[in-house]
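Participant: My questions all concern the structure below.
What follows draws every value from the coordinates through simple rules; no lab data is involved. Computed from a prediction, not measured in an experiment: that's the story for all the values here. Cβ coordinates were reconstructed from backbone atoms using ideal geometry, including for glycine residues, and neighbour counts include every protein chain displayed.
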Amino acid sequence: MKISAIVNQFKANFMEDGNGSLAAASPQTSDRLVLKEHILEIVSDSGEGAQKAGQSFGAVSAKMGNGVWTVEIIPADIQPPPRTKESASGIRIRFGSEKITNAGDEADVLVAFNEIVPYTRIEQNVYREGTIVLIENKWATDESRDIRQSYATAIEDFKSRGFVVYEIPMEEECLRLTPNPKKGKNMWVLGMLSHIYDRDLDKAAAQIEYTFRSKSKAVVDSNLQLLQAGYDWARENLSLRYRIPSIEASQELVVMNGNEALSFGIQAAGIELCSMYPITPATSTSHHLAECIQSSGGIIHQAEDEIAAVGFAIGASYAGKTSVTITSGPGLALKTEFLGLAVMAEVPLVVIDVQRGGPSTGLPTKVEQSDLLAVLYGQPGDSPKVVLAPSTIEECFHFVILARKIAESFRMPVILLSDANLATGVQPFPRPELREEWLSPPVDQSPWKEGVTAYDWDEKTGLSQRPVPGQAGGEYTLTGLAHSSAAKVTYLPEINQKTAALRSRKLATFGRTLKPPRIHGDEEGRLLIVGWGSTRGAIEEAVDRAREQGGRVSSLHLRFLSPMEPGLKDIFRRFDKVMTIEINYSDSPDDPMITPENRRYAQLAWLLRAQTLVDVDCFSNVHGQPLRPGKIFARIQKELNQ
Amino acid sequence: MFGIKQDFICELPKKYYTLSNYEKGVARWCPGCGDHAVLSAVQRLCREEQLPPEKTVFVSGIGCSSRFPHYMNTYGFHGLHGRAFPVACGVKFRRPDLNVFVITGDGDCCSIGAGAWIHAIRYNMNITTILFDNQIYGMTKKQTSPTSRIGTVSNTHPTGSVLPPVNPLQTSLGMANASFVAQTADWVPGHLFATLKAGYEHPGFAFIKVIMRCSKFMGPLVEEMTTNRDAVSILTHENGIQPDEGTLRAFKNHRAHDPSDINAARELAEDKEVSYLGLFFQDKEAMRYDLYGAHNLGFSPEEKISAVNAQLDKYAV
C-alpha cells in the first residue's frame, strides 16, 4: 500500500535514526517477551472508536504476517448513554504466529476507555486472572465525586479479580496534541499498542490513511500525530513489550471480514445484481457492494422491503442473469413465499442469510445458527433447495461463486448460511486468483430449440434447460401453480406427484457429486463432534487440544446441509458417540420437564438424527457469543470422562 | 444461389406479426367479463407496435386478471399475490430491450401489493401497468376489495362494506415521481385501445386503471356503469389521449384537461360523481430508475476481473 507524503513528513519529524522506517524508532526488540499468540480487547463507549483502532491493529498484524481473527463487540442501541454497560463497544483481536481460526478464550490484554464498559465483558467471562488491563485514568480525577468513587471501586474490583491494572493517562497525553481527545484517543491507543506489540508503524500509518481516506488531510495528520504520540509514550512509560513472531507468508494474502468476502464473491461470480433491504448483520455486505459493484459491471438495488428485494432478484434472474439477495433471519421469514416460487418455478437464485439471534427481532448484532431448519422447511409445501454454509471467511468468498453455478445448473435457489461471527470476523486468506470461468455467462439470446418445452425435464436427473426472454420460440408463462413440462397450469394428480419428484430428484443428482466429509482427527474413536458454519475453527482447536491430551475425539464440519454430504452414517458408526456443537437452542437433558422423548435438539442434530437414525446428541447454546474453544474443550473432556 | 441475382428477389419485411402470433389458448374468464376486452386490446396493441413476442414479458400477480399472461403467446410471469411489481422491475432493470407489462387487479395492486405498487410508481421504469379494477375479489368468490364502494355486499361483509375505498388514481398521483396516470373502461374499446397505446409509448411507468365489469358478482354495478353515460366524462387535450370518433360521440360529456397540471389531475381524481376517462397526468421527464439500472451493462470478463482485482489490491496483505 502506498504511504503518502505525510508519513514521510513524520519520518523526518520523529525518526531517531532516519534509516527508513518508523518502527526502527523502537528500542531493542530483544528485550521483548516472545509469545505464540495473544488475545487483545479494546472496549470503549459507543462512538469512541475502539473498533476502528482494533480493526487497524488487526489489519496491521495480518500485513505483518501474523495469523489474525478479529471480532467486534457491538452495542445493540444506536446511542446508548455513555459510561454504561450498554454502551460497551469494542473489538477483540486474537493474533498469533500461526493461523488463527476463531476468537479464542479469555483475553490476555484489555484496553478500557472507562471503568464501566469492561463489566459487559466481565459478565461474559472473557477475562481471567492475570489479564492485563490498560485503563484510561482521567476518571480518577473527574470533577464528579460519584465518578471518582466509581473508578476507584472498579479498580479495586479489577485487582481483586486478579487483573493486572495499568492506569494510563490517555486523555491527558492526547490533550497535548488535540483539543478534542474524544476523537483521536483511539489512534493514540493504536500507537501505544503498536509499541507494546512491536507493530510496524509504517503499516499502521498506512492503515490510518486508508481508514480516513474520505476525510480531510488535517484529520489524517492529526490521527497520525496521535499514533506516534501513543507509540512514544508507551516506549517511555510502559514495560510491557511483546513480540509475536510472524511467519513469512508463502503466498499473497488478503484480509477482510466475511461480509466483505461475500461481496467479493458476488462480484467474482459475475453476479450483476444484488437486490437487498437493510438488515443487521447482513448490511455491511451491501455497503461494500455499493462502493464496488458498479466498477465490476453490476449494480445494487435497495428495495422497498425484504419481499420486494427477493422478488426483484427473481425477476432479474428470470430475465437471464442469476441475481443475489442478502438478508438475515427476519428478512428470510418475509422472503419465504418467493423462495417457494423460485423452487416451484425453477428460477436460479442465490440467497445469502447472515444469521443472527432469533426468533423475531431477537439479537440483531449477535451470532446464532438458527435459520437452518427455517431455510429447509420454511416454505409451505415440499421445497427442495440447496443449502451451503461457509465455515471460514475464505469460504464466504468461494461459496458465492459455487452457489451461482449450482443455482444455474440445477435451476433452483441456493441458500448460503453465514452468520454474525463470520460477518464481523476478520481473517487473512490466500488472495484468490480470479478466473473467467467463475463469471456468469452472457444471457443466451439464440433461438430456442424447436420441440423443447420450457421444463423439458430429464427423468433421471430432474434437470431441464431454461428459456430466457429474448429467445424466440421459447415463450412460456412461468407460474407458481402446479404445471406441466410445457408450463401449462394443471392440477392433475399424477403430474403434481411427478413434478414434485423431479424437483426433489435434482437434489439427489447434486448430492451424487459430493464427497464424504473430511474427518479432522482419527477416522474412528470415542467421540465425533459435528459442526457447521462459523464454529469450525473453535471446534477443531478444541478437538486438537483434547487429542494432544490423548482424547479419542475427532470432528467433522458440514458445508453442504442440503443435500448433505454422503457417507455420514458410515462415519458415525465408527464412533461410540456423535454430538453436534451448534449456536442455536436445544433443551438440555437435565432441564425440568425434559425427557429423552420430548427433548428438542439443536437444528443440525435434528437433521442428522432423521437422516442417519443414529442417536446424535447435541451441545448448543444461544448466548449470542461465538463458541469458545475452551468451552468446547471442557465439554469434550466431560464427554470423554463419562 | 442458382445464378439468380439478388435484385430479382422481393424484399419482404423480416417478419410481420399478426394477432395470432400473440394469442394462446382460450381465456377462462366468465362470459361478459371485462378481462376479455382488455386481452383483445392488448393483443391488438402488440400487433400494431409489432412487438416481438420473445422480447415481450407480461408479469402478473394472483387473481382473475392475473391469469392474463397465460393467454399471451409471449414470455410471462404469473407469480405471487401482490408481487408483480418487484418482479417486473427486476426483469426490466438489466434488460432494457424487453417490453414489460404488469397485469394486476384491485386486490393484487391496491391491497396486498400496495407497498410494492407505490414504490413501482416511484421507480418509474419503462413498464406499462394495467390495473383491472372490478371492485371485487372474483377468483376467491366475492370478497370485499379495497376499491369496493361503501355498502358493497360481499361474503366478507354480508351487510355491506364499511370502509371508504382506496382511490388508485389519487394514490398514484400522490406518489413521488409519478409520470403517467390514466383511466379507461373495458366497455369503451376505442378509448381503451388509445389509452393502452399512449401508456405503452410513454417513456416511463404508465399506470392505467381500467374500470372493469365483473358480470358474475357485480351485476347491478355493471348495469349502472355501462348504462349511465352521464356518470362518465372524456378528458380531452392535445397532449392527452386521443380516442376514436365513436367514443367521443357515444359519450357526450367531455372535459378539457391539461395532463401536465397535476393539481387539476388530483381534483379530477377526487370527483366522486363522475368517472373521467383519459390522461390525468403525464411527465415525460421524470427520473427513470431503469436507465440507472442499465447504465453499466455489458462489461467484458476482462473488465470485470480487473475491477475486482483492483478492489482486492486494497485488501492485500
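Participant: Identify the trypsin sites (Lys or Arg not before Pro) of region A:145-251 meeting these criteria: DSSP loop state and at most 10 other C-beta atoms within 10 Å of the C-beta.
Facilitator: Loop-located and lightly packed - A:213.
Participant: What stretch of chain A, leaving out the sites themselves, is the longest with no GluC sites (Glu not before Pro) in a DSSP loop having at most 14 other Cβ atoms within 10 Å?
Facilitator: The reported range is A:253-432.
Participant: In nanometres, what is the gap between the two model label sites at residue A:513 and residue A:492, each 7 Å from Cα along Cα-to-Cβ?
Facilitator: Taking the simple label geometry, residue A:513 and residue A:492 are separated by 3.1 nm.
Participant: Using a Förster distance of 35 angstrom, determine the FRET efficiency expected from the C-beta separation of residue B:244 and residue A:484, and round it to 0.05.
Facilitator: 0.25
Participant: Then there's this: Report for region A:293-436 the percent antiparallel among DSSP-assigned beta bridges with both residues inside it, nearest 5.
Facilitator: 5 percent
Participant: Calculate for chain A the 222 nm mean residue ellipticity that helices alone would give, adding -39,500 (n - 2.57) per DSSP H run of length 4 or more and normalising by residue count, nearest 500 deg cm²/dmol. Before the final figure, lay out each step's value.
Facilitator: Details: 20 runs with 237 residues, N = 642.
Helices in chain A give a 222 nm mean residue ellipticity of -11500 deg cm²/dmol.
Participant: Looking at region B:219-293, which trypsin sites (Lys or Arg not before Pro) are DSSP coil and have at most 16 other C-beta atoms within 10 Å of their C-beta?
Facilitator: Working: sites: B:229, B:249, B:252, B:255, B:266, B:272, B:284, B:288; in loops: B:252, B:272, B:284, B:288.
Taking region B:219-293 and a limit of 16 other Cβ atoms within 10 Å, the loop trypsin sites (Lys or Arg not before Pro) found are B:252, B:272, B:284.
Participant: Also, quick follow-up: Give me the one-decimal Kirkwood hydrodynamic radius in Å for region A:143-198, with the sum taken over alpha-carbon pairs. Kindly include the intermediate steps, with their values, before the conclusion.
Facilitator: Working: mean 1/r = 0.0760 Å⁻¹.
Evaluated over region A:143-198, this radius sits at 13.2 Å.
Participant: Let me ask something else. Taking other Cβ within 10 Å of each residue's Cβ, how do A:595, A:325, B:140 sort, fewest first?
Facilitator: Fewest-to-most Cβ neighbours within 10 Å comes out as A:595, B:140, A:325.
Participant: So what is the relative contact order of chain B, in percent, for Cα pairs below 8 Å that sit 6 or more residues apart?
Facilitator: Values: 642 pairs, mean separation 51.1, N = 317.
The value is 16 percent.
Participant: If you look at just the Cα atoms of the protein assembly as shown, how large are its Rg and its Dmax in Å?
Facilitator: 32.7, 109
Participant: Where Rh denotes the Kirkwood radius from the mean inverse Cα pair distance, what is Rg over Rh for chain B?
Facilitator: Computed over Cα atoms, the ratio is 1.05.
Participant: With n ≥ 4 as the cut-off for DSSP H runs, can you work out [θ] at 222 nm for chain B, using -39500 (n - 2.57) per run divided by the number of residues, rounded to the nearest 500?
Facilitator: When only DSSP H runs of four or more count, the value is -9000 deg cm²/dmol.
Participant: Run the Debye formula on the Cα coordinates of region A:435-483, all scatterers equal and no solvent, and tell me log10 I(q)/I(0) at q = 0.15, 0.20, 0.30 1/Å.
Facilitator: -0.52, -0.82, -1.13
Participant: So how much slack lies between residue B:30 and residue B:270, counting 0.36 nm per residue of separation and subtracting their Cα-Cα distance, in nm?
Facilitator: Value of the extension gain: 83.3 nm.
Participant: So if I place +1 on the C-beta of Lys and Arg and -1 on the C-beta of Asp and Glu, and nothing else carries charge, what would the dipole magnitude of region B:17-313 be about its Cα centre? I want it in debye, nearest 20. Could the numbers behind the result be given before it?
Facilitator: Numbers: 27 positive and 29 negative charges, 175 e Å.
With only Lys, Arg, Asp and Glu charged at Cβ, the dipole is about 840 debye.
Participant: A follow-up question, please. With +1 assigned to the C-beta of every Lys and Arg and -1 to the C-beta of every Asp and Glu, and no other charges, what is the dipole magnitude of region B:151-293 about the Cα centre in debye, to the nearest 20?
Facilitator: About 340 debye.
Participant: Once the dipole of region B:154-302 is set up with Lys and Arg at +1 and Asp and Glu at -1 on Cβ about the Cα centre, which of B:183, B:246, B:227 lies farthest towards its positive end?
Facilitator: B:227
Participant: Next question, about the same structure. Do me a favour and compute the ellipsoid semi-axes for region A:357-458 from its Cα gyration tensor, root of five times each eigenvalue, largest one first, whole Å. If you can, show how the numbers build up before the last one.
Facilitator: Numbers: eigenvalues 200, 101, 16 Å².
Semi-axes from the Cα gyration tensor: 32, 23, 9 Å.
Participant: With an 8 Å cut-off on Cα pairs and a minimum separation of 6 or more residues, tell me the relative contact order of chain A in percent.
Facilitator: Details: 1395 pairs, mean separation 72.3, N = 642.
Relative CO of chain A lands at 11 percent.
Participant: For the charge dipole of the protein assembly as shown, defined by +1 on Lys and Arg C-beta atoms and -1 on Asp and Glu C-beta atoms about the Cα centroid, which residue among B:74, A:501, A:190 has the Cα displaced farthest towards the positive pole?
Facilitator: So the residue furthest toward the plus end is A:501.
Participant: Return the Cα extents of region B:122-183 along principal axes one, two and three, sorted largest first, each rounded to a whole Å.
Facilitator: 41, 22, 17
Participant: May I ask what percent, to the nearest 5, of DSSP beta bridges between residues of chain A are antiparallel?
Facilitator: Taking every DSSP beta bridge within chain A, about 35 percent pair in antiparallel fashion.
Participant: At most 16 other Cβ atoms within 10 Å and a DSSP loop assignment: could you name the GluC sites (Glu not before Pro) in region B:255-297 that fit? Don't skip to the end; give the middle numbers.
Facilitator: On the way: sites: B:267, B:270, B:273, B:285; in loops: B:273, B:285.
Hits after loop and neighbour filter: B:273, B:285.
Participant: Run the dipole for region A:5-250 about the Cα centre, Lys and Arg Cβ at +1, Asp and Glu Cβ at -1, nothing else charged, and hand back the magnitude in debye, nearest 20.
Facilitator: The dipole magnitude comes to about 500 debye.
Participant: Under the definition of Cα pairs under 8 Å and six or more residues apart, what whole-number percent is the relative contact order of region A:254-438?
Facilitator: The value is 30 percent.
Participant: Separate question: Checking the table A:183/A:217; A:185/A:215; A:52/A:631; A:385/A:488 against a 19 Å threshold on Cα-Cα, which pairs fail?
Facilitator: Where the Cα-Cα span goes over 19 Å, the pairs concerned are A:52/A:631; A:385/A:488.
Participant: According to the Kirkwood expression over distinct Cα-Cα pairs, how big is the hydrodynamic radius of region A:519-641, in Å?
Facilitator: Roughly 14.5 Å, rounded to one decimal.
Participant: What lysines could a cross-link reach from residue B:252, if we take a straight Cα to Cα line under 25 Å and drop same-chain neighbours fewer than 8 places away?
Facilitator: B:197, B:209, B:272
Participant: Taking the Cα centre of region A:519-641 as the origin and placing charges on Cβ (Lys, Arg +1; Asp, Glu -1), which of A:568, A:596, A:625 is farthest toward the positive end of the dipole?
Facilitator: So the residue furthest toward the plus end is A:625.
Participant: When only alpha-carbon atoms are used, what values of Rg and Dmax, in angstrom, describe region B:124-233?
Facilitator: For region B:124-233, the Cα-based Rg and Dmax read 15.0, 45 Å.
Participant: Report, to the nearest 10°, how far helix A:5-14 tilts away from the longest principal axis of the Cα atoms in chain A, using its own Cα long axis and a range of 0 to 90°.
Facilitator: 30 degrees
Participant: Could you name the aspartates and glutamates whose alpha carbon sits less than 12 Å from that of residue B:92, not counting residues in the same chain fewer than 8 places away?
Facilitator: Cα-Cα hits under 12 Å: B:290.
Participant: For a Förster distance of 30 Å, can you work out the FRET efficiency between the beta-carbons of residue B:153 and residue A:305, rounded to the nearest 0.05?
Facilitator: Calculated transfer efficiency: 0.35.
Participant: Then there's this: Length gain on complete extension for the stretch residue A:598 to residue A:83, per 0.36 nm per residue less the alpha carbon to alpha carbon distance?
Facilitator: 180.9 nm
Participant: If you take the alpha carbon radius of gyration of region A:100-188 and divide it by 2.2 N^0.38 Å, what ratio comes out, to two decimals?
Facilitator: Numbers: Rg = 14.1 Å, N = 89, 2.2 N^0.38 = 12.1 Å.
Cα-based Rg divided by the globular estimate yields 1.16.
Participant: Averaged over B:67-76, how many beta carbons belonging to a partner chain fall within 10 Å of each residue's beta carbon?
Facilitator: 5
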